[in-house]
Amino acid sequence: MASTPGDEQHYFTARPATPDERRDLEVELAGRAVTVQTARGVFSAERVDPGTSVLLPLVPDEPAAGGDVLDLGCGWGPVALTLALRQPQRRVWAVDVNERALDLVRRNAERLGVPVRACPPDEVPADVAFEQVWSNPPIRVGKEALHALLLRWLPRLAPGGEAHLVVQKNLGADSLHRWLDERLPAVLPDAATTRAASSKGFRVLTVRRG
């Protein structure tokens, strides 16, 4: 994704310094043409990010399934909104450190008429376990921060739950797979990681519990 230095703040700060200039963006989510609102200072404000576009087709239609699902690092909400459209009985959580992104998710969910709980990480109740976790994780925060993020959220998979992570191959998808194989058993012994898909230079790594 092409970006300016100011736009990179979305990885690190709750309140981006870039002007909060909103714009409408036409995209396709869950097989539907929709109009959403985006802004500078959030991830991939000009389009659905290429990695996210590899992830979205894997979101299954599960109209009757219940439970909690998570979009980790939600940006303006393409994954969370797709989850809410394809799995309307789920409780969809959209988590990000960026307050502007969270406001956009709330507005976009209202515009599409779907319920999404958009909040910073510390506002997700500790007793919530997720049937699914979906993420285009913030690789550019660095390995230490990325690993801490995954070790915080992957252990919250429910029994039988799955996490789907899309990572660019040349930004370390295979090394992340190896790290998950080495580190995850210590915190989630019944989990295993597989490469679920590979497309357009991206890998989708799936962590399955049980």
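The values are calculated or read from the model by the stated rules, or taken from the named source; none is laboratory data. A quick note: this is a predicted structure, and the numbers were derived from the prediction, not measured. For neighbour counting, all protein chains shown are included, and Cβ atoms are generated from backbone atoms with ideal geometry for every residue, glycine included.
Considering (1) crowded, with 18+ Cβ neighbours inside 10 Å; (2) at pLDDT 95 or above, the lone condition that residue 65 does not fulfil carries the number (1).
Taking first residues from the range 192-210 that are free of Cβ contacts under 8 Å to residues at least 24 places away in the same chain and surrounded by fewer than 19 Cβ atoms within 10 Å (Cβ to Cβ) and partners that are assigned to a strand (DSSP E or B) and among the basic types (Lys, Arg), the Cβ contacts under 8 Å between residues at least 6 apart in sequence or on separate chains come to 192/208; 194/208; 195/203.
The set of residues from the range 165-203 being in contact with a helix residue (DSSP H, G or I) (Cβ under 6 Å, 6 or more places away or on another chain) and under 23 Å from residue 67 (Cβ atoms) comprises 166, 187, 188, 191, 193.
Failed condition for residue 100, given (1) within 12 Å of the chain's Cα centre (by Cα); (2) touching a residue at least 40 places away in the same chain (Cβ under 8 Å); (3) assigned to a helix (DSSP H, G or I), with all others met? Condition not satisfied by residue 100: (1).
Within the range 167-174, the presence of a residue that is out of contact with any strand residue (DSSP E or B) (no Cβ under 8 Å at 6 or more places or on another chain), at negative phi and among the charged types (D, E, K, R) is excluded. Residue 160: within 23 Å of residue 58 (Cα to Cα) and in contact with a strand residue (DSSP E or B) (Cβ under 8 Å, 6 or more places away or on another chain), yes or no? Spelling it out, residue 160 is indeed within 23 Å of residue 58 (Cα to Cα) and in contact with a strand residue (DSSP E or B) (Cβ under 8 Å, 6 or more places away or on another chain). Being more than 14 Å from residue 102 (Cβ to Cβ), in contact (Cβ under 8 Å) with a residue 12 or more places away in the chain, in contact with a strand residue (DSSP E or B) (Cβ under 6 Å, 6 or more places away or on another chain) and crowded, with 24+ Cβ neighbours inside 10 Å: is that true of residue 35 here? No. Of all positions in the range 96-106, none carries a residue that is farther than 19 Å from residue 40 by Cβ and at pLDDT 95 or above.
Of everything listed in (1) touching a His at 6+ places or on another chain (Cβ under 7 Å); (2) within 18 Å of residue 104 (Cα to Cα); (3) at pLDDT 95 or above, the single unmet condition for residue 55 is (2). When the range 103-139 is filtered for residues that are outside any loop (DSSP other than H, G, I, E, B), of a type outside the set (D, E, K, R), in contact (Cβ under 8 Å) with a residue 60 or more places away in the chain and surrounded by 20 or more Cβ atoms within 10 Å (Cβ to Cβ), the ones remaining, listed by number, are 104, 108, 130, 132, 133, 134, 135.
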